[in-house]
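Take a look at the structure below.
The values are calculated or read from the model by the stated rules, or taken from the named source; none is laboratory data. Note that this is a predicted model, so its numbers are computed, not measured. With ideal geometry, Cβ positions are generated from the backbone for all residues, glycine too; neighbour counts draw on all protein chains shown. Calculation scope for accessible area: heavy atoms of the full protein, side chains included, ligands and nucleic acids excluded. Shrake-Rupley method; radii C 1.70, N 1.55, O 1.52, S 1.80 Å.
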Amino acid sequence: MTHQSVDVAVMVPARDVRPTWLFEETGGRPVVELFMSLPGGPDMGRPVLSFTEADLVRLGYQNRRLHWSIPLLVAGEPLWELLASLRPYAARIAAGMSTSPRSTRPVLTAEAKAAVKELAAHLAQAVEGMPVVEPVEPQAVPDAAIEELVTADTTDAALAEAVARLTARIPAQTPGALVHVPGLAERVERARVRARGMVRSRLAIVAALSEGGRQERDELIRRISAWHDPADTQRSLGAAAGLTHRAVQQIVKKIGERDDALTRVAPAVESLVQAWDPGMLPPLDDTGEDDDERDDRYPPGFTAEDMEDEYEYRRRERDRRRAQRECAVAGCRKPSRLIIKAWQVDTTEYFGADRDDPDRDDLGNVYNLSVSPRYGAPTWTACGTTHARTLIDAAKAQPHLTASVPGIDGGPPPPVHFQVESFAWTAADDDLPAPVRRLRANLDLLDYALKEFTRAVSVGDNVGAALYLSMLRRDVARGALSLADLTTRATPATHYHHGDAEPHRDVIQVRDGDTIFNRERDYFGAQGGDLWRAPGEHPARTWDELAAAVAPRPLIAIPREVLHIPHHDDDRDDYDDDWE
């Protein structure tokens, strides 16, 4: 018995496209679809057999479609061959498939219905034993795990290796399934982009330092050149480092001649202040009188009592910050990781009401427009969830200590709730060195000026925008002046010989001659140490293997910058006897 059939187009992805599964971007549920193309379309009414997503099948032209569900199979030649094997059945179905304006489904002849059943049976038998994909949530691989494996010097081959290692740590729930983390390859690539961006930024910073940073500048230039990244030409490196491209070429060739084009920080900051905030410079007629005789830190009319109140507030704030550094549970000295805040629904909040508001009271206010939380004065810090619960239970036993909102019309106050948040401790301003205090104050002013400048531009207030632009320039200049007080210095270039213990984690790079080895966290290893790898080197080596390979030459730690803040006794407050 012969069956009537028509020519069916089989659509599969291009051979050079190798997704893990069919719909990697959306993660949709795959189906096999037979679609009767519209007359006059690109396929000239030719039926098309292809893969699509189950959700897309329900969108439009339902009376021209048939579909059969399949598992989430691994994309590749076996899957394309499976689709091609369905072509004879699809041709028979298409020959007996038509549409009707009175039906939302295709109209099938008896022969087409029989072919539908045969295709479904053939498909069910064919997919048995084919490898399936088991997608997992992206959170299954935390960012910290990626950052441990990927550095700025990670090669393209090492990126693929990192993806495989990260994926291999996740067990499959279905035996034989291929575990896939959506977007993991892109996340790994972005981690390298971020790491390389930090190295490039570091080069720009080091290039602006004085003589002490020249050695590190040259090492960074050679390191970035070793990536062979198209984004890093000798001209782009020269622009970042303040050098000519010929000077960069000499550094890469290890000539390292002195280049006098480096910009020094102090002259640049002084020029900026002269242009944008000349009031910060000493006046030309400065008589040299004592600062105490012309103290302009406080506005006119600021009395000694006001100053004492300010000192008392600052002292309380400092004591509160110091207490928050450790867990508030008695006897626990662990660092705080959580903060607990007590709050109530604020029944006393009011707004100035419109004149025609029916709920307006005699004072012109309305009380039933907004309900927001009011936080009471007590807050506690805890080392973890167990002690956070202990502190909350103790507070519940004494509600009068946390309640701050009165009841309505003499009734009971609203209940007290507790909010637990992550907490990262920072010192109070009085416990910070004076240059850091000044920097924070200047940047706070910068944030205010930027917001007001943006608001003025948004509403077309050009006069106000010009005013806040001047304030922005002033605050940027003062911020630069504060930053100039904060400097860095290089750590010593320690030598490590064969047999010495692996360096502390602060050491992230060592060199043997001109070859730089980068430290990589052995995130999944059980050797108890890290791995060391030169750019393009496979596989990575342990510390002992690396030290033995270069012996008797030592491995030299590449210096790193550490913060250096000069001591300013003249910035010390009189009342603050224990300032450090």
Between Val459 and Ser50, what length comes free when the chain is fully extended (0.36 nm per residue of separation minus the Cα-Cα distance, one decimal in nm)?
-> 141.9 nm
Once phi is turned into ³J(HN,Hα) by the Karplus curve 6.51 cos²θ - 1.76 cosθ + 1.60 with θ = phi - 60°, what whole-Hz value does each residue of region 192-199 show in order, with x for glycine and proline?
-> 5, 4, 5, 5, 5, x, 5, 5
Expressed as a percent, the accessible surface of region 495-563 that is carbon or sulfur, using a 1.4 Å probe and the full set of protein chains, is 50 percent
Extension gain (nm, one decimal) between Arg360 and Val107, 0.36 nm per residue minus Cα-Cα = 84.4 nm
Nearest-10 value in Å² for the accessible area of Lys334, using the 1.4 Å probe = 120 Å²
Compare Arg223, Arg560 by solvent-accessible area with a 1.4 Å probe and give them largest first, with all protein chains kept in place.
-> Arg560, Arg223
Multiply the residue gap between Gln173 and Arg440 by 0.36 nm, knock off their C-alpha separation, and tell me the result in nm, one decimal place.
-> 91.0 nm
Net charge near Leu446 (other residues with Cβ under 14 Å of its Cβ; Lys, Arg +1; Asp, Glu -1) is +1
Could you tally the net charge around Val550, taking each other residue with its Cβ under 11 Å from the Cβ of Val550, Lys/Arg +1 and Asp/Glu -1?
-> +1
Hey, if we sort His498, His180, His387 by accessible area with the 1.4 Å probe, largest down, what's the order?
-> His498, His387, His180
What the Cα atoms of region 370-521 span along the principal axes, largest first and in whole Å, is 81, 56, 28
In debye, nearest 20, what is the charge dipole magnitude of region 32-130 about its Cα centre with +1 on Lys and Arg Cβ and -1 on Asp and Glu Cβ, if you could check?
-> 540 debye
Provide the per residue accessible area, probe 1.4 Å, for region 77-194, rounded to a whole number of square angstrom.
-> 53 Å²
Share of carbon and sulfur in the accessible heavy-atom surface of region 32-130 [1.4 Å probe, %] | 56 percent
What is the spin-label model distance, in nm, from Ala427 to Ala231 if the labels are put 7 Å beyond Cα along the C-beta direction?
-> 3.6 nm
On each of the three principal axes of the Cα atoms of region 495-563, give max minus min coordinate, whole Å, ordered largest first.
-> 33, 30, 25
Using a basic spin-label model with each label point 7 Å from the Cα along Cα→Cβ, how many nm lie between Ala501 and Val6?
-> 7.9 nm
Taking only protein heavy atoms into account and a 1.4 Å probe, give the accessible area per residue of region 495-563 in Å².
-> 53 Å²
In region 432-486, carbon and sulfur make up what percent of the accessible area (probe 1.4 Å)?
-> 63 percent
Per residue, in Å², the accessible surface of region 432-486 once ligands and nucleic acids are set aside, probe 1.4 Å | 56 Å²
Run the 1.4 Å probe and let me know the accessible area of Phe35, rounded to the nearest 10 Å².
-> 40 Å²
Just read off the accessible area of His497 with the full protein assembly in place, 1.4 Å probe, to the nearest 10 Å².
-> 90 Å²
Charge context of Gly364, other residues only, Cβ under 13 angstrom, K/R +1, D/E -1 | -4
